[in-house]
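This report refers to the structure that appears directly beneath it.
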Amino acid sequence: MSFLTSKENRKLFLRKIKNFWLDFRRNRIGLVGLTTILIYVIVAFASPWMAPYHPIRDTRLAQGYAMPEWVTILPQNADLPRTQIERIYWTVSENPQLIDIQFGEQVIVNYLGGQIKPAHVWLIYNFNYPHDVPPKTFQTTFSWSTDLVENLTYSINLGAVRLNDTVQPVWWLDSNQDGGGNAFINSEGIETLIMIGLDPVKDNLARRIFTGKGEYGLLLHLVFMPASEDATCRFTFKNGELRILGLVHGVLGADNAGRDLYSQLIVGVRISLTIGLLAAVISTSIGVLVGVVSGYTGGFVDEITMRIVDILLCLPVLPLLLTLMFMYGKSPYYLILIIAVFWWLGLSRIIRSQVLSLREMPFIEAAKAAGAGRFYTVFRHLIPNVLPVAFANMVLAVPGAIITEASLSFLGFGDPATSTWGRMLNHAFSYGAFTHMAWWWIFPPGLAIVCLCLAFVFVGHAVDEIANPRLRRRR
Amino acid sequence: MALLNVENLKMYYETLRGYVKAVDDITFDVGKKEALGLAGESGCGKTSTALAILRLLPWNAKIIGGSITLDGTDLVKISNKELRQKIRWKKISMIFQGAMNALHPIFNIGQQITEGILAHEDVSKKEALERTSKLLELVGIEAEKINRYPHELSGGMKQRVVTAMALACNPSLVIADEPTTALDVIVQAQVLKVMKELQQKLDLSWILITHDLSLIAETCHKSAIMYAGKIVEYGGVVTIFKAPLHPYTKKLISAFPSIVGSKTELASISGFPPDLLNPPQGCRFHPRCDYAKEICKTKDPPLKEETSNDHYVACHLY
Amino acid sequence: MPKDIAIEVRNLVKHFPISMGFFKSLTTRQAPVVHAVDDISFKIYKGEIFGLVGESGCGKTTTGRCLINLTEPTSGEVHFNGVNITAISEENKMRKLRKNMQIIFQDPYESLNPRMGIFDIVAEPLRLQKITKSQDELRKRVAGALEDLDLAPPEEFMYRFPHELSGGQRQRIAIARAFVLEPEFLVADEPVSMLDVSIRSEVLKLLLTLIEKSHSSFLYITHDVALARHMCDRLGVMYLGKIVEMGPTEGLIRKPSHPYTEALIAAVPVPDPTSRRIEVTIKGEVPSAINPPPGCRFHTRCPYAKKICETKEPQLKEVGKDTYVACHFPL
C-alpha cells in the first residue's frame, strides 16, 4: 500500500489537512488555545536566549524576595533600588609614606620597609548610590593575598564612606603571616555584624551606611606595623566586587536566595511542555493500540485486557507514583514514563468502545469483502477513524501530565536540579513566600500552568467538536 | 366549509447566512372528515408546514406572512397561551416523524397516554385511565397491554400507541408525519387500515405527510404536491394520479414502481433539490424540468385552477 | 436447456447465539439462538437478477452475507461456480475468490470510510487484490469505474471526501467500488431504500446497465416488493428464516401460491387511487425468531391454516415451471 508516495494520496492527504484546518479555524476558542500553545512553544525553543540567568545556580542576584522591577511604575515604589554591581577600581586616597602601589589587573601594594613607624595607605573607590531608599544588604567579594611578610604585622580594614564623610568599618583582618583568601563579606552575615558590634537581629549594616542618594565610597585602609626596618609585605588585591543587592529585580523578582524568578519560569516552559507532550503522546499511543486490538479481537483477549485495565484503574496513581519515584529516582524522564503508564488506561476504554461500534460498520465489511485481512483493517480503517477521538484525548492529556508533574514537584518529589514550575511553587511554599506575601513568586508559576493547561483544553475542545460530526449521520 | 384553511403561508428559518425559505406562499385547505396528503421529497417543506400550523417551530423560524384559519380563528395571530390551551392537542394534534422511537422508555404506555390527557383536560386520573383503555381499543391494542413498556412492543404497536396519544383529547384534525416509514409493509397496511377506520368512526380530518405517493393514493381524498417550499399541484387524489399536470408530479408518480399492471420504466429526475437559501429564480423546478421555457426562469408561476373540478397547478405550461 | 448455475445454496443455516449474563449461561443447558436462516436451498443462474424479498427479520440480509462468506454459516454449503466456498478454511484462498463476489450495502453514509478519499475508496479493492500493476493503470480503472456511474468528470470526485457528497452520489461510489473488480456475482442489500425517490430510479438504471454490461449474477435483497418486481428476473420470498415461495417474478406477482406472498403483495400500496385489489388481512405481527412457531412458521397468522400446519413443516416443492412453494395447501 503506497502511502504518501502517489500523487493521489498526497492530494487526498493535503485536502484532509485543509478541511481540518478550515473546520478548526471557525472555532474561536480553539484558535485562542492554539495561539497560546504556539507562544509557549516558541518560548520553550528560545529559552536559552530568553532566560538571562541560570535558574538555580545564579543566586544573590538581588535581595531575597525582591519585587519585580516594573513595580517602580507605582509612585510609592519609584525609588526602589535595583541590584548595583560595582567592580572595585581602587584609587589612592592617601599615601603619606608613598608606598609603592601598582595598579592594573590586580592592585599590589608593596611595603618595602625603611622605617619603624606604622605606615598607612588609604585606597578608595567612589561610587554613586542614586536612591533614597537604602538597600538591605550589600556584599563585597575579593581575593587577597599577602606574601613576603617579614617582621611585620599588617592590618587590612574595609570600611564604607558615608555621605557625611564618616567611615563605617565593615571588615578587618590583622595578621603577621603570609595569608590570603577569597573574602566574602555579607553585610547581613552574623559574623560581620558581631565583628562590628551590631545586633544581628535588630541592626542593619546597610541601613547604617546608606542614608540617601549621593556619592559613597569604599575605603581600603592598609596599616603596616613593622617590627624592624627591613620588614616587607606585599599585599595583592584582585577581583574586587561590590554588590549592592537591589530591592527590585528583573521581570518577576527574586526568590529567597536572590535567584531570578523570570529565568526559572522560562526554563520551566521547556520541561513542562516536554513532559506534557511526551507523556501524552506515549500514553495515547499505548491506549490506542490496546483499545483497538482489544476491541477488534473481541472474545477472550478482550475480556482479559479489560479486566487488567479495570484492576489497574483502581490503583491510586499519585501515591504509587510517589513510591516509585522514591524507590527509583527523580529524573523527569522517569516521571514521563510513569505518567504514561497510568494514563493510557482511561483512553483504551474509550477507544475500545469506539472500535466496537466501528467494526460493525458497513465500510469495514466492504473492505473484508474485497479481501482485507485483519492487520489491514486495523491500520487502514480502524485507527484512522479512531484518531480524532485519540487526538482530542491526547490534547487533553497534556494538561493532565503537566499538572501531575507540577503536583509531584510541589510535594517535593521532583528533581531538585531541574527548575520546573512545580518546584518553584514548592520553594515558594517552603521558603516563606507566603509569609512575605511575595505574590510575584506565587502567582506566575501557577498562572503559567493554568494558562498552558487551559490552552490545551481549548484546543481539545475545538478538536473534539470536529472529531464528532464526521461520524455523525448527515441526512 | 373547510375545517382548516391555510392561505399564503410563508415561513422562513433565519440562519447566519440568510433566510432559508422553507415554506414559501402555500395555500390549501382540509375539510371535515377529509384526508389531505402532503407529498414531496425530503427538504421540500412539508414537515415545516405541519410544525408551523401547531407553532412548534425552533426559535429561529419565523412566520413571515399568511394565515392559518381553524374554525374562524387565525392560528398565526393568537397568543402562545391561547394556542397551547385551546388548540394544541385539543383541536389539532400531531404524530411526529419517528415518534414511535421517541416514546419514553421508563414509563409504560398507559402512563404516557394519560399524561397527555391530564395535561390538557381537567379530569380525574381514573377517568383518564378509562379513556386511555378506550383509546387503545380504538387503535387495536388489547386493553391489558396498558401496562406494557415501549421496548416490549413491536414497531407497529408503538406506532399505534403514538396514534392513540394523538387522539387523546378528541381533536378534529390529526397531522401524521411519515407515520409508517420505519414499518414493514404488512404492518404498514395494518396501521393505515386503523387510520382509515378512525377517520370514519371519529369524524376526523387528517393531514398525511409522506414521500410515498402510494400511501396517499390509498388513503387520502386530496393531495398537495410540494417542491422546494411551494405547492406545485393540488387537487383530488384521483385527478392528480390519473391526470397529473405538473412535470414534477408526473415524474414523481412514475418514479414509484407498481406491483399491479404492467412493468413500466421508472422515471428519474436529474439534478438536485435546490438550496432553499438561494432558490432558483422564477419557477423553482425549472433547472430540472424537461419542458422549461424562458418564462420559467424569471417568473414564478402562481397556483391556478386548471380544470373545473378543483385541480390546481403552478406551472407556465398551463 | 439447463442454464449455468452461478450460485448454489444447499441447506444453509445461520443461528446467532444470544449473549446471556454470566450466571445464566452456567445454569441453562442449551443456549437460545436466533434462527436467522433455517435450512434454505436455492440456485442463482448466471446473468440473472435474483430478488430476495421479505419483511425485516426474515433472514434475507443474513443470507446475502453468507453467500459471499462475509458471515460464516452455522451449517450448509454455498457453491460458487462449483467451488464450495463454505469449506474453504485458508484465508488466502478465500481472499482470491473474493475478487469475484462483491456487496453493496444499504446505508450510503456508513458504507464509505469517512476518512478516506473517494479515490482511495474505489481503488481499495484493486489494491487489496493486487490487480493493477502500475499507478497509471490504477488511476485509469478508478476513473473508468466513476464514469460508468455518471460521476464525470472523475477528477472532480476523486479527491473529495464522502461527507462532501450527497446520498445518491455516495451510493454510486459504493456501487463503483463493488463493480471495479468486475466481479461475477454481486449482492445488493437494499441499495436504494435510503435515497430519495427521484434519485432511486437513476441509481437503479445505472445498476442495471452495469449488470447487463458485465453479465454478472446479482442478488437483490429488499423489502420493497414493487421494486423487486421491477428489477428482478426471479424472486424468492422469505419468512422467518425460510424460503416460502420462489419463482419467476411476473408469475409470482400475478399469481402467488403461498398465503404469505399473497398477503405481502396485497399489502403493498399502489400509486393509483382507483385500483381495487383484494384486501387480505392477516392478523398479528411476525413472531420472534428465537422461538419460531412449530410446523409451518406462518401458521399463526395464516388465514387458511389447518391442523397439519401446526405440526408438520412443509418442504419446498415444485408446483409449476421453476416455481417452488413451501405450503401444505398452495393457492
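The values are calculated or read from the model by the stated rules, or taken from the named source; none is laboratory data. As the structure is a prediction and not an experimental result, all values here were calculated from the model. Methodologically, a virtual Cβ is constructed for each residue, glycine included, from the backbone with ideal geometry; neighbour enumeration extends over all protein chains shown.
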Checklist entry - So is A:ILE402 at pLDDT 85 or above and either buried (at least 24 other Cβ atoms within 10 Å of the Cβ) or more than 15 Å from A:LEU289 (Cβ to Cβ) (or both) or not? => result yes
Next on the checklist: For the range C:80-92, which positions are part of a helix (DSSP H, G or I) and surrounded by fewer than 12 Cβ atoms within 10 Å (Cβ to Cβ)?
Outcome noted: C:ALA87, C:GLU91, C:ASN92
Checklist entry - Within the range B:181-195, which residues are more than 17 Å from C:HIS223 (Cα to Cα) and facing chain C (nearest Cβ under 10 Å)? => result B:LEU192, B:LYS193
Checklist entry - Do the conditions hold for B:LEU135, that is, is it touching a Lys or Arg at 6+ places or on another chain (Cβ under 7 Å) and not in a loop (DSSP other than H, G, I, E, B)? => result no
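Quick one: would you say A:SER285 is part of a helix (DSSP H, G or I), closer than 30 Å to A:HIS381 by Cβ and touching a Lys or Arg at 6+ places or on another chain (Cβ under 7 Å)?
Here the answer is no, as A:SER285 does not meet what is asked.
Pick from C:GLY236, C:GLY251: which is in contact (Cβ under 8 Å) with a residue 12 or more places away in the chain and farther than 21 Å from C:VAL37 by Cβ?
Exactly one of C:GLY236, C:GLY251 is in contact (Cβ under 8 Å) with a residue 12 or more places away in the chain and farther than 21 Å from C:VAL37 by Cβ, namely C:GLY251.
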Checklist outcome for this item: For the range B:59-85, the count of residues that are over 21 Å from the mean Cα position of the chain (by Cα) and of a type in the set (D, E, K, R) equals 3
Checklist entry - Is at least one residue of the range B:70-88 crowded, with 19+ Cβ neighbours inside 10 Å and under 30 Å from B:PHE241 (Cα atoms)? => result yes
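Does B:ILE253 fit the bill of being among the β-branched types (Val, Ile, Thr), farther than 25 Å from B:LEU173 by Cβ and in contact (Cβ under 8 Å) with a residue 40 or more places away in the chain?
Considered against the rule, which asks whether it is among the β-branched types (Val, Ile, Thr), farther than 25 Å from B:LEU173 by Cβ and in contact (Cβ under 8 Å) with a residue 40 or more places away in the chain, B:ILE253 comes out as yes.
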Next on the checklist: Checking B:ASP177 against (1) farther than 23 Å from B:ILE87 by Cα; (2) in contact with a Leu (Cβ under 9 Å, 6 or more places away or on another chain); (3) buried (at least 17 other Cβ atoms within 10 Å of the Cβ); (4) not aromatic (Phe, Trp, Tyr): exactly one of these is not met. Which one?
Outcome noted: (1)
Checklist entry - Restricted to the range B:137-160, and to residues that are within 12 Å of another protein chain (Cβ to nearest Cβ) and hydrophobic (A, V, I, L, M, F, W, C), which residue is farthest from B:LEU202 (Cα to Cα)? => result B:LEU153
Next on the checklist: If I filter the range B:196-221 down to residues being more than 11 Å from chain C (Cβ to nearest Cβ) and in contact with a strand residue (DSSP E or B) (Cβ under 7 Å, 6 or more places away or on another chain), which single residue comes out as farthest from B:ALA50 (Cα to Cα)?
Outcome noted: B:GLN199
Checklist entry - Given the structure, is C:ALA188 touching a strand residue (DSSP E or B) at 6+ places or on another chain (Cβ under 8 Å), closer than 28 Å to C:LYS43 by Cβ, at the interface with another protein chain (Cβ under 9 Å from one of its Cβ atoms) and of a type outside the set (Lys, Arg)? => result no
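Within the range C:282-297, work out how many residues are hydrophobic (A, V, I, L, M, F, W, C) and either free of Cβ contacts under 8 Å to residues at least 12 places away in the same chain or over 20 Å from C:ILE18 (Cα atoms) (or both).
Our first condition is that a residue be hydrophobic (A, V, I, L, M, F, W, C); within the range C:282-297, this holds for C:282, C:286, C:289-290, C:296.
Okay, now just the ones that are also either free of Cβ contacts under 8 Å to residues at least 12 places away in the same chain or over 20 Å from C:ILE18 (Cα atoms) (or both), so C:282, C:296.
So the count comes out to 2.
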Next on the checklist: I'm trying to understand the selection: among the residues of the range C:158-175, which are of a type outside the set (Lys, Arg) and away from chain A (no Cβ under 12 Å)?
Outcome noted: C:GLY168, C:GLN169
Next on the checklist: If C:GLU147 satisfies all but one of (1) in contact (Cβ under 8 Å) with a residue 40 or more places away in the chain; (2) surrounded by fewer than 21 Cβ atoms within 10 Å (Cβ to Cβ); (3) more than 28 Å from C:HIS35 (Cα to Cα); (4) in contact with a helix residue (DSSP H, G or I) (Cβ under 8 Å, 6 or more places away or on another chain), what's the number of the condition it fails?
Outcome noted: (1)
Checklist outcome for this item: Scanning the range A:401-427 for residues that are part of a loop (DSSP other than H, G, I, E, B) and among the aliphatic types (A, V, I, L, M), the one nearest to the other protein chains (Cβ to nearest Cβ) turns out to be A:LEU411
Item to check | Residues located in the range A:164-184, provided they are of a type outside the set (Asp, Glu), surrounded by fewer than 15 Cβ atoms within 10 Å (Cβ to Cβ) and not in a strand (DSSP E or B) | outcome: A:ASN164, A:THR166, A:GLN177
Next on the checklist: Tally up the residues in the range A:218-261 that are aliphatic (A, V, I, L, M), in contact with a Gly (Cβ under 6 Å, 6 or more places away or on another chain) and in a loop (DSSP other than H, G, I, E, B), please.
Outcome noted: 1
Next on the checklist: Checking A:PRO135 against (1) farther than 26 Å from A:ASN239 by Cβ; (2) touching a Pro at 6+ places or on another chain (Cβ under 6 Å): exactly one of these is not met. Which one?
Outcome noted: (1)
Checklist entry - Which helices (runs of 4 or more DSSP H) does the range C:216-281 wholly contain that include 3 or more residues that are under 16 Å from C:CYS302 (Cα atoms) and at the interface with chain B (Cβ under 7 Å from one of its Cβ atoms)? => result C:259-267
Item to check | Qualifying positions in the range A:348-400 - among the hydroxyl-bearing types (Ser, Thr, Tyr) and facing chain C (nearest Cβ under 8 Å) | outcome: A:TYR376
Item to check | the range C:102-153: number of residues that are touching a Lys or Arg at 6+ places or on another chain (Cβ under 9 Å) and either more than 7 Å from chain A (Cβ to nearest Cβ) or outside any strand (DSSP E or B) (or both) | outcome: 34
Checklist entry - Of these, C:TYR324, C:TYR304, which one is among the aromatic types (Phe, Trp, Tyr), in a loop (DSSP other than H, G, I, E, B) and more than 13 Å from every other protein chain (Cβ to nearest Cβ)? => result C:TYR304
Checklist outcome for this item: Here, strands (runs of 3 or more DSSP E) confined to the range B:1-71 with at least 3 residues that are of a type in the set (Asp, Glu) are B:18-31
Checklist entry - Does C:GLU202 satisfy being under 28 Å from C:LYS43 (Cβ atoms), away from chain A (no Cβ under 11 Å), not in a strand (DSSP E or B) and not aliphatic (A, V, I, L, M)? => result no
